[in-house]
Amino acid sequence: MTQASGDAGIDAFAQSVELALAQAYQELASTGKVTTPAAVDTTTTCATHHQEHARALGDAAGNSAASGPNAKLVGRFRTLIRNAPDESAALELALGLENKAASTYLFVLGSLEAPEALQLAASILPVESEHAVALAELLGKDPRETFPTFETQDQALKPDQFPVP
Amino acid sequence: METELGRTLARVTRRRFLQIGGAVSMGAVLTACIGGGDSKAAKDTTGGAEGRRTDIRIMRTLSSLEVVAVVTYTTGLDSGALTTPAVADLAKEFRAHHQEHAALFQGTTRDLRGTPFDEPNSAVLERLQPELGDLRDETGVVSLALDVETILAETYQGTVGAFGDKSFSVAAMSVGGAEARHAAALARILGQPAAPAAFQGTQHAVQPGTGV
């Protein structure tokens, strides 16, 4: 399937990633591996935010909106979730997803054109970064691992590897 | 005497500003991945002379805000109010980030043939002065730092799409995301949610040219 081009195509890609993230949190919750109240609270908030991001990006993508979560990402996340032995591993996985999401928004910002599309991506990126901090706190991470001087694109998810459904 | 940090900061240039966000190369990659014939790689995205003037104004404003953050953390640390070692360590770490960010924007201003701004933003500093002059306890310092980080994070978001050189937006958000992380950590220390909303706003953003 040919992917939509321009801002709409980029928004659709980001939407498919957000839907995959929301689904990953749903599946994480259903495994029963996340049980402590603070962890449940944080992961529930993350899931809700990703659903809201997906909705906004889908609206922005219009007719090009993704038909569902990014299938390849869902498959990859599902394997990781299944292999996570306990809450700590599950939170570590979620932290990785949030860092990837922040990195992805930095990546897409380089190609978006319209001010509205740029602002939408720029309003979401910091929230993914905040999620990462909340999860890192639960894991008791060293600040040097949690607070980079600059966000980077190193972990960005890319549409050639994860095509929009 | 030139310190290692000083030497590191002196190496910060506009080229580095672009490299930090990976703005040019990665943007072209995404355009190629998503498709469409409207490749940004073929366009002049620098905005010409007017764009350069705009970018200098924004860089000077960002520099001034980063200096406000450095002043805030320095005042907080010097006050002796940060009694929890982990909190004091975090304040030192965040201050170092802001020093590096400030040097980055000052270097980029220079590269754009502008005059670097190395003073704190007067408008923001005036607004913060009552709290800055009356830091009594750890909560007060962290609360003030949270306000400053929020202003910074939202200002970076506000610059996206406003640069004459379109590729600067990516680099600006590479800093903006880092400020959002600072804000989230400070919020947690205060018992507030790290991510209070699904979308960051710009209601606390400082307009380019204000206070410089």
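Taken together, the values in this text are just the output of simple stated rules run on the coordinates, not laboratory data. Keep in mind that what you see is a predicted model, and the values were worked out from it rather than measured. No Cβ is skipped: glycine too gets one built from the backbone with ideal geometry, and neighbour counts run over all protein chains shown.
Taking the charge dipole of the protein assembly as shown about its Cα centre, with +1 at Lys and Arg Cβ atoms and -1 at Asp and Glu Cβ atoms, the residue from A:Ser129, A:Ala38, B:Thr54 reaching farthest to the positive side is B:Thr54. Estimated from the Cβ-Cβ distance and a Förster radius of 35 angstrom, the FRET efficiency linking A:Gln155 and B:Arg136 is about 0.25. Can you give the helix-only mean residue ellipticity at 222 nm for the protein assembly as shown, where every DSSP H stretch with n ≥ 4 adds -39500 (n - 2.57) and the sum goes over all residues, rounded to the nearest 500 deg cm²/dmol? About -23000 deg cm²/dmol. What you get for region A:6-146, charging only the Cβ of Lys and Arg (+1) and of Asp and Glu (-1), is a dipole of about 520 debye around the Cα centre. Remark: mean inter-chain Cβ contacts per residue of A:99-105 equal 2, using a 10 Å Cβ-Cβ cutoff to other protein chain atoms. Label-to-label distance for A:Ser30 and A:Ser88 is 2.8 nm, based on points extended 7 Å past Cα in the beta-carbon direction.
Note on B:Thr74/B:Ser122: beta-carbon distance plugged into 1/(1 + (r/R0)^6) with R0 of 22 Å gives a FRET efficiency of 0.80. Each principal axis of region A:1-122 carries a Cα extent, and these read 42, 28, 20 Å when sorted largest first. For the charge dipole of the protein assembly as shown, defined by +1 on Lys and Arg C-beta atoms and -1 on Asp and Glu C-beta atoms about the Cα centroid, which residue among A:Gly9, A:Ile81, B:Ala194 has the Cα displaced farthest towards the positive pole? So the residue we want is A:Gly9.
Relative contact order, percent, of chain A when contacts are C-alpha pairs under 8 Å separated by at least 6 residues? Relative contact order comes out at 32 percent. Each residue of region A:19-30 is assigned a 3J(HN,Hα), and the resulting list reads 5, 5, 5, 4, 5, 4, 5, 4, 5, 4, 5, 6 Hz, derived from the Karplus form 6.51 cos²θ - 1.76 cosθ + 1.60 (θ = phi - 60°), x at Gly and Pro.
Applying the criteria of a DSSP loop state and at most 10 other Cβ atoms within 10 Å to the chymotrypsin sites (Phe, Trp or Tyr not before Pro) of region A:3-80 yields no site.
When +1 charges are put on Lys and Arg Cβ atoms and -1 charges on Asp and Glu Cβ atoms, the dipole computed for the protein assembly as shown relative to its Cα centre reaches about 980 debye.
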